[in-house]
Every structure is written in structure tokens, then in C-alpha cells.
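Here's the structure we're looking at; comments come further down.
The values are calculated or read from the model by the stated rules, or taken from the named source; none is laboratory data. Small disclaimer: the values here were computed from a predicted structure and weren't measured. Counting neighbours? That spans all protein chains shown, and the Cβs are built from the backbone with ideal geometry, glycine included. All accessible areas refer to the heavy atoms of the entire protein, side chains included, with ligands and DNA or RNA removed. Shrake-Rupley method; radii C 1.70, N 1.55, O 1.52, S 1.80 Å.
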Amino acid sequence: MMLWSVVPEELILENYDKQTYNWVEAEVSGVKMLVEPAEGQPGYGRIIRLLCPNPSNYLNPKYQPGQTICLTGGN
């Protein structure tokens, strides 16, 4: 990571290592992805990023980051 700023590095990154995420790896219809489980919606999650090597999956709007997806079977 490269950062150009007049603000001291210590101020910018002071809580960087303290952030925790509730992300999990999931595979939906053969597509591996990083997902944040949806609060109040068991079995659903919000796509954070894809982890698969198939370029056509990145062009599929169904797998676009930010989309809510069913993790327990049918989409």
C-alpha cells in the first residue's frame, strides 16, 4: 500500500490492525466468494469479493460485490 499524505502515518493507521470483520468464505453454485453474513437474515449474506479464477463470474451481475445472496442452496 502506498499512501501520500501530510497527515502522520501513525494517525492514519492507528486503528487499522484493530478492525475485525465477520467475513466468511462460501461457495455458491460453484463460485467461491468472501461473504459478510446478513444480520437478521439467516442463510443470506452480502458479497464482499469473489475468490474464483473464472473471469466470466466477475461479469455476472448476480455475483457483483454488495449483492445479497442465499448461502443455503438456491439463489
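State, as an integer percentage, the relative contact order of region 29-75 based on alpha-carbon contacts under 8 Å between residues 6 or more apart.
Contact order relative to length: 36 percent.
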Solvent-accessible surface (1.4 angstrom probe) belonging to L11, in square angstrom, nearest 10: 100
Would you mind getting me the FRET efficiency between T20 and C52? Use the beta-carbon distance for r and R0 = 22 Å, nearest 0.05. 0.30
Going by amide H atoms built from the backbone, whose H comes under 5 Å of the H on V28, apart from near neighbours? M33
Per residue solvent-accessible surface (Å²) - the chain, probe of 1.4 Å: 80
Where the accessible area of the chain is counted over protein heavy atoms with a 1.4 Å probe, how much of it, in %, is carbon and sulfur? 53
Dipole size in debye (nearest 20) for the chain around its Cα centre, Lys and Arg Cβ +1, Asp and Glu Cβ -1? 440
So which GluC sites (Glu not before Pro) in region 7-57 are both in a DSSP loop and have at most 14 other Cβ atoms within 10 Å of their Cβ? E14, E39
